[in-house]
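The values are calculated or read from the model by the stated rules, or taken from the named source; none is laboratory data. This is a predicted model, so every value here is computed, not measured. Here the Cβ positions follow ideal geometry from the backbone for every residue, glycine too, while neighbour counts run over all protein chains shown. In case anyone asks, the SASA skips ligands and DNA or RNA and just uses the protein heavy atoms, side chains included. Shrake-Rupley method; radii C 1.70, N 1.55, O 1.52, S 1.80 Å.
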Amino acid sequence: MKQPRTILHLTSRLNGYGGTAMLRSLAASQSAAGERVVVGALTADKLPAHALRDQGVAVQKLGSRWPIDVIAIGRLARLRRKLAADVTHAWDVRTLAQAALSGRRRPGSILIGSLLATGEATPWAIRVLRSIESRVTAFTVPEESARERLTKLGIAPQRIHVIAPGVPRGGAGERPHGRRMLLKELGLGDESKLIAVSGPLRRHRQVDEAIWAFELVRVIYPTARLLVVGDGPDRARLERFAEQTSEPGCVRFLGYRDDWRQLLPGVDVFWQLNASVTTPLALLEAGAAGVPAVASDVPAHRATIVNDRTGVLVKLNDRAEAVRPTNDLIANPTRAERMGQAAAEHVAAKWSLDATLNAFDRLYERLIP
């Protein structure tokens, strides 16, 4: 019988978005397989932390005030000595640097760095990566273009593993039930048209642009509602902006929802109108739920959407361009259903969560002596 391994996952912020959602899925899967799993987070949101603990994963808050915080590094060094982890898996440059600086590696211990947004790497992050890369056993990235960026920093290609993000299988079959649940919770009638955006509320997500575009949709469909799902430092500003721009109750801020995947099938159209630099997990979740998407035409979205088959790509920062296909999908439910079903099949084939978890498991088996 295989001896259970001790695995320490590290993240700057334990929340429900992007790479952290992948961390949570992997940690829960490993715990279910009998491994001893601990998540160390510099900061942690309550709901995701409680959800992990319910799945048998220990959560340790480390705290950190600066990108390289000697006190946080000391705490991490003590935690690693206590756990004697077989694998330390950091999910961003900040925690990867702290892991690399938190003491000598035990013989046979593994340090993995999962870098999910290399296109956003700052000059500071690039300098840090160059200085610590020799201490890292392996890197994972979500796509081939990210591997090329790391290779240009001098990291050997054979140490970089492409593991695409994955989402649970959903489907159009869940849509009627999801819609009833969502309309009931929001207190809306069957005639309502629901458009959603999802993710951490930060300025670069351009949710204010989505609110402007939504106002054009509302001219055509007065019963339309925009659902903003997520939380973050820009929320207060966006709520004030929505009050000044739209009618009361037309833009609904739902906050972070751990059950969003269950409610998502009730949405008519999903919007991803910002300039993503890596595959957005929210866009994959919408596709898996059978929801047609309108997304800005940038490389990260082209990798996900087959234009006019699994979604519609539109010019970045062009509100009218976003409204036209949205109107077409709302006005043509048959086309929207066909596009949503194609999106669900496409995501299931290329971004399966099971395939992603299996890829990480194979990597661990390959690296651990």
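Would you confirm whether any residue within region 146-155 is open to solvent by 30 Å² or more (accessible area, probe 1.4 Å) and touching a Lys or Arg at 6+ places or on another chain (Cβ under 8 Å)?
Checked against the condition, which is being open to solvent by 30 Å² or more (accessible area, probe 1.4 Å) and touching a Lys or Arg at 6+ places or on another chain (Cβ under 8 Å), region 146-155 yields at least one hit.
Return the residue satisfying two criteria in turn: it lies in region 209-223 and is touching a residue at least 40 places away in the same chain (Cβ under 8 Å) and open to solvent by less than 30 Å² (accessible area, probe 1.4 Å), and of such residues it is nearest to the chain's Cα centre (by Cα).
So the residue we want is Ala210.
Look at Val294 and say whether it is out of contact with any Leu (no Cβ under 6 Å at 6 or more places or on another chain), of a type in the set (A, V, I, L, M) and crowded, with 21+ Cβ neighbours inside 10 Å. First the steps, then the outcome.
Numbers: out of contact with any Leu (no Cβ under 6 Å at 6 or more places or on another chain): yes; of a type in the set (A, V, I, L, M): yes; crowded, with 21+ Cβ neighbours inside 10 Å: yes.
Judged against the criteria, Val294 is a match.
Looking only at residues that are part of a loop (DSSP other than H, G, I, E, B) and open to solvent by 40 Å² or more (accessible area, probe 1.4 Å) in region 189-205, which one is modelled with the lowest pLDDT?
Our first condition is that a residue be part of a loop (DSSP other than H, G, I, E, B); within region 189-205, this holds for 189-192, 199-202.
Add one more test, that the residue is open to solvent by 40 Å² or more (accessible area, probe 1.4 Å), and what stays is 190-191, 202.
Values: Asp190: 92, Glu191: 94, Arg202: 89.
Ranking the qualifying residues of region 189-205, first place goes to Arg202.
Being aliphatic (A, V, I, L, M) and in a helix (DSSP H, G or I) is the filter; apply it to region 143-158 and report the residue that is farthest from Glu133 (Cα to Cα).
Result: Ala146.
Taking region 356-367 only, how many residues are of a type outside the set (Phe, Trp, Tyr), surrounded by 14 or more Cβ atoms within 10 Å (Cβ to Cβ) and at pLDDT 95 or above? If you could, list the steps in order and put the result at the bottom.
Restricting attention to region 356-367, the residues satisfying the condition of being of a type outside the set (Phe, Trp, Tyr) are 356-359, 361-363, 365-367.
Okay, now just the ones that are also surrounded by 14 or more Cβ atoms within 10 Å (Cβ to Cβ), so 356-359, 361, 363, 367.
Right, trim to at pLDDT 95 or above and you get 356-359, 361, 363.
The number of residues fulfilling the criteria is 6.
Do we have any residue at all in region 230-243 that's surrounded by fewer than 22 Cβ atoms within 10 Å (Cβ to Cβ), assigned to a strand (DSSP E or B) and not small (Gly, Ala, Ser)?
no
Search region 64-95 for residues being among the small types (Gly, Ala, Ser), farther than 11 Å from Ser12 by Cβ and open to solvent by 20 Å² or more (accessible area, probe 1.4 Å), and hand back the single one that is modelled with the highest pLDDT. Even if it seems obvious, please write down each step before you answer.
To start, the set of residues in region 64-95 that are among the small types (Gly, Ala, Ser) comprises 64, 72, 74, 77, 84-85, 90.
Those left that are additionally farther than 11 Å from Ser12 by Cβ: 74, 77, 84-85.
So of that shortlist, the ones also open to solvent by 20 Å² or more (accessible area, probe 1.4 Å) come out as 74, 84.
On the way: Gly74: 86, Ala84: 90.
This residue is Ala84.
I'd like to verify a number: residues in region 156-181 that are modelled with pLDDT of 90 or more and either crowded, with 17+ Cβ neighbours inside 10 Å or farther than 24 Å from Tyr17 by Cβ (or both), how many?
Residues of region 156-181 that are modelled with pLDDT of 90 or more, as a first pass: 156-168.
Next cut, either crowded, with 17+ Cβ neighbours inside 10 Å or farther than 24 Å from Tyr17 by Cβ (or both) only: 156-161, 163-167.
Of the residues in region 156-181, 11 are modelled with pLDDT of 90 or more and either crowded, with 17+ Cβ neighbours inside 10 Å or farther than 24 Å from Tyr17 by Cβ (or both).
Residues to consider are Ile305, Ile330; find the one that is open to solvent by less than 60 Å² (accessible area, probe 1.4 Å), more than 17 Å from Val141 (Cα to Cα) and under 19 Å from the mean Cα position of the chain (by Cα).
Working: Ile330 fails: under 19 Å from the mean Cα position of the chain (by Cα).
Among Ile305, Ile330, only Ile305 is open to solvent by less than 60 Å² (accessible area, probe 1.4 Å), more than 17 Å from Val141 (Cα to Cα) and under 19 Å from the mean Cα position of the chain (by Cα).
Of all the strands (runs of 3 or more DSSP E) wholly in region 257-341, which have at least 2 residues that are closer than 24 Å to Leu115 by Cα, touching a residue at least 12 places away in the same chain (Cβ under 8 Å) and not acidic (Asp, Glu)? Steps first, please.
Values: elements: 269-272, 293-296, 312-314.
Hits in region 257-341: 293-296.
Could you please give the count of residues in region 342-360 that are in a helix (DSSP H, G or I), in contact (Cβ under 8 Å) with a residue 60 or more places away in the chain and not polar (S, T, N, Q)? Please lay out each step first, then the result.
Filtering region 342-360 for residues in a helix (DSSP H, G or I) gives 342-350, 353-360.
Within this subset, residues satisfying the condition of being in contact (Cβ under 8 Å) with a residue 60 or more places away in the chain are 344, 347-348, 350, 353-357, 359-360.
Of the ones still in play, those that are also not polar (S, T, N, Q) are 344, 347-348, 350, 353-355, 357, 359-360.
Qualifying residue count for the region: 10.
Would you say Asp259 is within 26 Å of Ser25 (Cβ to Cβ), under 20 Å from the mean Cα position of the chain (by Cα), open to solvent by 30 Å² or more (accessible area, probe 1.4 Å) and not hydrophobic (A, V, I, L, M, F, W, C)? Please lay out each step first, then the result.
Working: within 26 Å of Ser25 (Cβ to Cβ): yes; under 20 Å from the mean Cα position of the chain (by Cα): yes; open to solvent by 30 Å² or more (accessible area, probe 1.4 Å): yes; not hydrophobic (A, V, I, L, M, F, W, C): yes.
Answer is yes for this residue.
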